[in-house]
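Where a number appears in this text, it was derived from the coordinates with a stated rule and is not lab data. Keep in mind that this is a model prediction, so the values were computed, not measured. Here the Cβ positions follow ideal geometry from the backbone for every residue, glycine too, while neighbour counts run over all protein chains shown.
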Amino acid sequence: MAAAGTSGTGTRSTGSMVAAASTNNVTSFQRRGPRASGADSGCSRLVSIAGTRRSVRNGQLLVSTGLPALDQFLGGGLAVGTVLLIEEDKYNIYSPLLFNYFLAEGIVSGHALLVASAKEDPADILQKLPAPLIDHSYKKECDEDICGHKMESDIKMKIAWRYQLFPKMEGGPVLSSGFGHDYDISKRIPQELIETSKWHGFFLPEKISSTFNVESCSLTSGYMKLLQFIQNIIYEEGFDGSNPQKKQKNILRIGIQNLGSPLWGDDICCAENCDASHSLTKFLYILRALLRTSLSACIITVPTHLIQNKAVIARVTNLSDTVVGLESFIGSEKETNPLYKDYHGLIHIRQIPRLNNLIYDISDVKDLAFKLKKKLFTIERLHLPPDLSDTVSRSSKQDLAESAKLLGPGCGMTAGGKKHLDF
Amino acid sequence: MPWSWEALWEWNAGKKPAQLSVQVPRPCARLCACAECDRSARFIGCGQRNCACALLPRVPVWWVLPSSLRSIRDSPSSHPGPPCVLELGMFPELNNLLNTTPEGAEQGKLTLLCDAKTDGSFLVHHFLSFYLKANCKVCFVALIQSFSHYNIVGQKLGVSLTAARERGQLVVLEGLKSGVDVFFRPREEPHPLQFLREANAGDLQPLYAFVQDALQPVDSGEAAWRCPVLLVDDLSVLLSLGVGPVAVLDFVHYCRATVCQEWKGNVVCLVHDSGDTEDEESDVLLNGLSHQSHLILRAEGLATGFCKDVHGQLRILWRRPLQPTTHRDRSLTYQYKIQDKSVSFFAKGMSPAVL
């Protein structure tokens, strides 16, 4: 399989290079880079990029979303060239956390960032990113190791003397070029990390001019400008392979906040039959086209609970690759439900893409809940609490059954169901 | 090695057939008592309690009654043929269910692939590799994924899309790549995806011109390819891009008139069923196409939700859109599980995980 694969990719590369040279010289990028099959990882031409890893199943290039727990449920990470859509929770409390995790992971891994927002200045967003947890502890352990190293080498092991022969363990902290880090929400990211990183900001009120622009191609002017900005950055910085002199490849992480909200000039959240109803879907299509032809990954947060037209939500979901929905318990009747007393909300992984494959990595766990602790944002499997009451009455069992039905029909991309029976 | 009806009768009469070097499970000839089973299709079961049929080669069933065999012998044309062991690639089980082989593919048909609450793209991969193996000239309008995605999956199914493209058998319109070109670097000459640049709902005339250009039969004398085939993945994304459902139906109508009627080719397209999301445009498109198509394959999720071993249910409906339907259109339902390189189909309730 490996031999056939390499010979296949050999012919593919020559074919596509000839085609690219003859047809258009704008993008000579062989999309084989981020979409390479497992055989290509042995190819010496591909340099491994910091902060990425190859998927176990099909060799897909993956980046971390910043939350190792979420990476695990998404099949190892977010594939390069795809869009991660976060359906915001009702009061927009937890989705900025996921957004910030994604950007912080980009800074720590050394990727380039592109932050677009209509509400907040990107520079302010970057100031509020969480600090990586290992950075401080690693420095502390390094200092301790230096002073304690000499003492430890003199102590000989009396009982487990075989282990004396083993090399000393480093203590575990991964280097910053590893995959997936933990972050401390209570602390801010150190300033020097932001300054050393390469980031581009798009703040809509600055970019949009006061004069009224005639909208062309049915996109609102905010979306149009954002697409042109993204395309500009991708082309100039060479993320689409158009600059072959650059030796070190890097990933561009794009983060767009509150897409579809009225701040972007889109009235999809305001009315059921809006004029520019195709604006958001067209934007997502062009964004997908840009991402597939470049080494970039994108996170967008959309307030889907405000969109009144259910058809638009379905179309937006179809045009994105990975869709994660957040449902927080604040303000709903679930807040006082004894089922959910340990958690702050539910996470629904609505869609995972099948890329270069007929199947995908899907976890068996469908009911996931999240909890915001003091320093961490954790995602766990939803456990029903044990029924510890003395008299197990029928009414309490019915309440539990009712609440269990509200958990939702599970993963929508494999099957929808009228009844809630997973087996 | 193909086996014959005569060999089967000899076996039944107690005599071993002359050559039987291939282990062939004996088919079930007992007529099924349930109403759902199509009696002419002996091999297919419906999973009902008193249905004794089984889908080959999963559960060999050994009841063979001479009287029923004779009745089946008299009408051999309505039975699916024995599965050819040497067939590789595509999804051979789906070929059996559809009663087609790459050599004997029908012509002049519109096939509608539809998915509801699940991902039906495996059907697109199947038909792409099927028609490439059938030596047909294929025009593939790939709007939703990149070319390398289809290529890599195609390699798992045994066809190389790049090789097909190089020898001229396959013409691909990559929606994503050329969409970026059209959008950011507009030029004067018409482009198949010109509607991306237009403000109001455009029509798909340039796209039709592209298809016509790609599948035009070349009058070079030698018939290089069997029949032209148009494959679209998928039509629902055109609705998201601002094209109205009537314009999409017009495009399909033009393609059908040219490709199916005039050039005796086939058209296959994938549409998403929006279900209960009240998407009127999608419903108009789906209903319009359903009435025009000869074969509808509908992939839907199980009614009870997610299952690890059964990924969904496939409904196959054979229709005759131009003739008055004197009798009921034939329809069959199977459940499927998608694996790494193939898809396995089984009767309802006959999943190997459950048995």
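Key figures
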{"read-out": "Sequence ranges B:149-159, B:341-351, ranked by mean other-Cβ count within 10 angstrom, highest first", "value": "B:149-159, B:341-351"}
{"read-out": "Amide H contacts under 5 Å for A:R350, placed H, 5+ residues apart", "value": "A:V323, A:V324, A:G325"}
{"read-out": "Virtual spin-label span in nm between B:E198 and B:R185, 7 Å along Cα→Cβ", "value": "2.4 nm"}
{"read-out": "Gain on full stretching of the segment that runs from A:E380 to A:R162 - 0.36 nm per residue minus C-alpha separation", "value": "74.6 nm"}
{"read-out": "Simple spin-label estimate for A:I93 and A:Q191 in nanometres, 7 Å along Cα-Cβ", "value": "3.2 nm"}
{"read-out": "Computed E for B:N99/B:V354 - FRET, C-beta separation, R0 35 angstrom, nearest 0.05", "value": "0.85"}
{"read-out": "Theoretical gain in end-to-end length, A:D364 to A:E335 [0.36 nm per residue, Cα-Cα removed]", "value": "7.8 nm"}
{"read-out": "Entries of B:K133/B:K177; A:K334/A:K374; A:K225/A:K366 with Cα pairs more than 29 Å apart", "value": "A:K225/A:K366"}
{"read-out": "Restraint check, A:K207/A:K375; A:K207/A:K282; A:K282/B:K109, Cα-Cα greater than 28 Å", "value": "A:K207/A:K375; A:K282/B:K109"}
{"read-out": "FRET efficiency for B:H291 and B:K264, using Cβ-Cβ distance with R0 set to 25 Å, rounded to 0.05", "value": "0.70"}
{"read-out": "Full-stretch length increase - A:E206, A:Q72 - with 0.36 nm per residue and alpha-carbon distance subtracted", "value": "44.4 nm"}
{"read-out": "Nonlocal amide H pairs with A:Y94, under 5 Å, H built at 1.01 Å", "value": "A:D89"}
{"read-out": "Sites A:K371 and A:K128, calculated FRET efficiency, Cβ-Cβ separation with R0 30 Å, nearest 0.05", "value": "0.90"}
{"read-out": "Point-to-point label distance, A:E272-A:V56, nm (Cα→Cβ direction, 7 Å offset)", "value": "4.8 nm"}
{"read-out": "Loop sites in segment A:55-136: chymotrypsin sites (Phe, Trp or Tyr not before Pro), DSSP, at most 12 other Cβ within 10 Å", "value": "A:Y91"}
